[in-house]
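The values are calculated or read from the model by the stated rules, or taken from the named source; none is laboratory data. Bear in mind the structure is a predicted one, so any value in this text is a computation, not a measurement. Neighbour counts run over all protein chains shown; Cβ positions are idealised from the backbone, glycine included.
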Amino acid sequence: TLLPPKLFPPEQRMVLLACGPFTPSDGVAFEPLSDLLEVVARDRPDVVVLFGPFLDAKHEQVESCQLLSSFSDVFRLCLRTIIEGTRSAGSQLVLVPSLRDVSHEFVYPQPPFALPDLPKEDRA
């Protein structure tokens, strides 16, 4: 009997996928994101794919401009939290923007995130 060659090595890969928004409806403290990052630290997936919105344009506090910082500052804080929270797990991180991301261009298809202040070691 002829068997097809194995296309993939026998080791398993773990991929974690999650969709935003990553804030509760009553605030922008990113508690759900913190809970997710605890799972990443515990399970150490090979790849973490996060789909936006990271800061949702439909969030009540965003729509009514009740944030204490600019949209870009809150978004940078969110990204810093994600990067620092996944670094120790050694996971490859993929961020996919949403049309509802308040700090990203509202066009389709969306361009990649522009992150000029991201440290060189954290860039792909």
Of the residues that make up the range 33-45, is at least one at pLDDT 90 or above, part of a loop (DSSP other than H, G, I, E, B) and in contact with a strand residue (DSSP E or B) (Cβ under 8 Å, 6 or more places away or on another chain)? yes
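Being aliphatic (A, V, I, L, M) and either in contact with a Cys (Cβ under 7 Å, 6 or more places away or on another chain) or modelled with pLDDT of 75 or more (or both) is the filter here, so list the residues in the range 83-124 that pass it. Give the steps one after another, and end with the answer.
Going through the range 83-124, the residues aliphatic (A, V, I, L, M) turn out to be 83, 89, 93-96, 99, 102, 107, 114-115, 118, 124.
Selection gives I83, A89, L93, V94, L95, V96, L99, V102.
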With respect to G52, is the statement that it is at pLDDT below 90 and touching a Ser or Thr at 6+ places or on another chain (Cβ under 9 Å) true? yes
Condition first: under 26 Å from L16 (Cα atoms), assigned to a loop (DSSP other than H, G, I, E, B) and without any contact (Cβ under 8 Å) to a residue 40 or more places away in the chain. Now tell me which residues in the range 60-98 satisfy that. none
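Restricting attention to the range 63-103, and to residues there that are acidic (D, E) and either over 12 Å from the mean Cα position of the chain (by Cα) or surrounded by 14 or more Cβ atoms within 10 Å (Cβ to Cβ) (or both), which single residue is farthest from F30 (Cα to Cα)? Spell out the reasoning first.
Residues of the range 63-103 acidic (D, E): 63, 73, 84, 101.
Right, trim to either over 12 Å from the mean Cα position of the chain (by Cα) or surrounded by 14 or more Cβ atoms within 10 Å (Cβ to Cβ) (or both) and you get 63, 73, 101.
Details: E63: 17, D73: 14, D101: 15 Å.
So, considering only residues that are acidic (D, E) and either over 12 Å from the mean Cα position of the chain (by Cα) or surrounded by 14 or more Cβ atoms within 10 Å (Cβ to Cβ) (or both), the one farthest from F30 (Cα to Cα) is E63.
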Checked pairs for the range 1-30, first under 16 Å from R100 (Cβ atoms), second at pLDDT below 80 and surrounded by 10 or more Cβ atoms within 10 Å (Cβ to Cβ), C-beta under 6 Å and 6 or more apart or across chains, list as V28/Q61
R80 meets each of (1) farther than 25 Å from V107 by Cβ; (2) modelled with pLDDT of 90 or more with one exception, condition (2)
Restricting to the range 64-74, name every residue that is modelled with pLDDT under 85 and closer than 19 Å to A114 by Cα. S70, F71, S72, V74
